[in-house]
Amino acid sequence: MTKIVFKDIRIAGISGAVPKNKVNNLKDHKFISLEERKKAIKLTGINEYRKALTSQCTSDFCELAAKKLLKDLRIKSDSIDGIIFITQTPDYILPSTACLLQNKLGCYQTTLAFDVNLGCSGFVYGLYIACSFIQGGSLKRVLLLVGDTQTKLSYNKDKNVVFLLGDAGTATIIEASPGAPEIKMKFMTDGSRYDKLIVPAGGFRFPSSKETRTIKTQADGGIRSGEHIYMDGMEIFNFSIIDVVKTVKEFIEDENIEIEEIDYLILHQANKFMTDKIAKKLMFSPEKVLYSLDYYGNTSCASIPLTIVHHFSKMQDKSYKRCLLSGFGVGLSWGVVDILLEDICCPPVIEY
Amino acid sequence: MKDLFLKRFVEAIEREDETKMEDEFRNYEEWDSLASLSLVSMIDDEYSINFSHNELEKMKTVKDIYDFIVSKSV
């Protein structure tokens, strides 16, 4: 496979929206002892996260984020050539939620629009798709909407996920920009470990039934139903510190990247214990590693863009920041992107 | 090497009480999913060895973990 390189394309801006409703890892989860709650916070680094209301869908947060971004960039929705919505929590099984958003955002009918089902690797894959469509020549401007309401897929008494998973929606504008520096990327997939992070039932392989909806003790000892998220913590941990580190290291070597030239390393916000380890193995000093999980938890595909917004919206000088992004997880799917964020528009995170 | 391993093991899982090689570590008060991740992390850091969930399942005593490390170090 040849290297993935894009030219004359830039990110114009990124915005994010999160539910106003907070879950506090220390004060809530009364079914778990205080001691265990403290331990979990220490391991994950997550103090609190946001939980969408029943009436709120991922697309609502992405729509808000998109409208704010378009306003601040002074771009009209009719200049958007493509809408890509990356999520595991769409409004409907069908149609693609991106189609509804084409209408809600007032885009032309000539707009391409579709959903992509990816989680933690979603943002970096989304950048690849958007850049490919622009480099292909036909599209000038793409709206990449990335987010999830994972709390709706987690069982709220499952110790494995209740401290971790939060909700958010983000919007990114990617556009053709003559002279913009190269964006380099690398992607990987390993379907042999598909079952390490999964909602086992409720799809078509194991359709929803009274049995799959029953909360019970599962094979791994965890308590949840077949239609809730299951994560094999140890396998995902091993995957992150072995496979993800290997891919990023190889990418850095192949592309002759000097660590000193990278301003920020932005990893999928899985949990602090894991991401600290990855950063350490990649030999990035702590001040270069950006985090937002302490406030928002692990927000699936939204975690990288949300982290960028969280920091860049407050940054004094964001004129020229070279960033190494890496999303990894469910699939198993992972990817790494080397990109220059040049004076991107970043409104503060919206609470809804 | 055995003493150093025990020291690292105890630190990783934050155990304060006496620890013997014959102990079944799953019976420890300190043993939970967080402890198991800390253990995996320590063994990766100190011995550059990784193991899967299945391999850990087979280990019952502290000595089993040590023996596993020795076998992989050869």
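The values are calculated or read from the model by the stated rules, or taken from the named source; none is laboratory data. Only a predicted model underlies this, so the values are computations on that prediction, with no experimental measurement involved. In this analysis, Cβ positions are derived from the backbone assuming ideal geometry, glycine residues included, and neighbour counts consider all displayed protein chains.
Some notes on this structure:
- Odd one out for A:Ile259 among (1) free of Cβ contacts under 8 Å to residues at least 24 places away in the same chain; (2) over 28 Å from A:Ile173 (Cβ atoms); (3) away from chain B (no Cβ under 14 Å): (1)
- Yes/no for B:Asp17 being in a helix (DSSP H, G or I), surrounded by fewer than 15 Cβ atoms within 10 Å (Cβ to Cβ) and away from every other protein chain (no Cβ under 14 Å): no
- Candidates are the residues of the stretch B:30-55 that are hydroxyl-bearing (Ser, Thr, Tyr) and either facing chain A (nearest Cβ under 8 Å) or in a helix (DSSP H, G or I) (or both); the one that is surrounded by the fewest Cβ atoms within 10 Å (Cβ to Cβ) is B:Ser52.
- Residues of the stretch A:40-76 that turn out to be farther than 25 Å from A:Leu118 by Cα and either surrounded by 20 or more Cβ atoms within 10 Å (Cβ to Cβ) or touching a Ser or Thr at 6+ places or on another chain (Cβ under 9 Å) (or both), as a count: 3
- Where A:Ala279 falls short, out of the listed (1) part of a helix (DSSP H, G or I); (2) touching a residue at least 40 places away in the same chain (Cβ under 8 Å); (3) in contact with a Pro (Cβ under 8 Å, 6 or more places away or on another chain): (2)
- Index of the failed condition, A:Ile304 passing every other in (1) outside any loop (DSSP other than H, G, I, E, B); (2) out of contact with any Leu (no Cβ under 9 Å at 6 or more places or on another chain): (2)
Residues checked against (1) part of a helix (DSSP H, G or I); (2) touching a residue at least 40 places away in the same chain (Cβ under 8 Å); (3) out of contact with any Asp or Glu (no Cβ under 7 Å at 6 or more places or on another chain):
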{"site": "A:Ile11", "(1), (2), (3)": "no, yes, yes"}
{"site": "A:Lys27", "(1), (2), (3)": "no, no, yes"}
{"site": "A:Lys38", "(1), (2), (3)": "yes, no, yes"}
{"site": "A:Asp60", "(1), (2), (3)": "yes, yes, yes"}
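- For the stretch A:183-211, a tally of residues being part of a helix (DSSP H, G or I) and in contact (Cβ under 8 Å) with a residue 40 or more places away in the chain returns 4.
- Filter result for the condition that a residue is at pLDDT below 95 and closer than 29 Å to A:Ile266 by Cα, over A:Gly136, A:Gly122, A:Gly126, A:Gly82: A:Gly136
- Taken over the stretch B:20-29, the criterion of being assigned to a loop (DSSP other than H, G, I, E, B) and either surrounded by fewer than 13 Cβ atoms within 10 Å (Cβ to Cβ) or among the small types (Gly, Ala, Ser) (or both) is satisfied by B:Lys20, B:Glu22, B:Glu29.
- Within the stretch B:56-72, the set of residues being of a type outside the set (Val, Ile, Thr), away from every other protein chain (no Cβ under 13 Å) and outside any helix (DSSP H, G or I) comprises just one member, B:Lys60.
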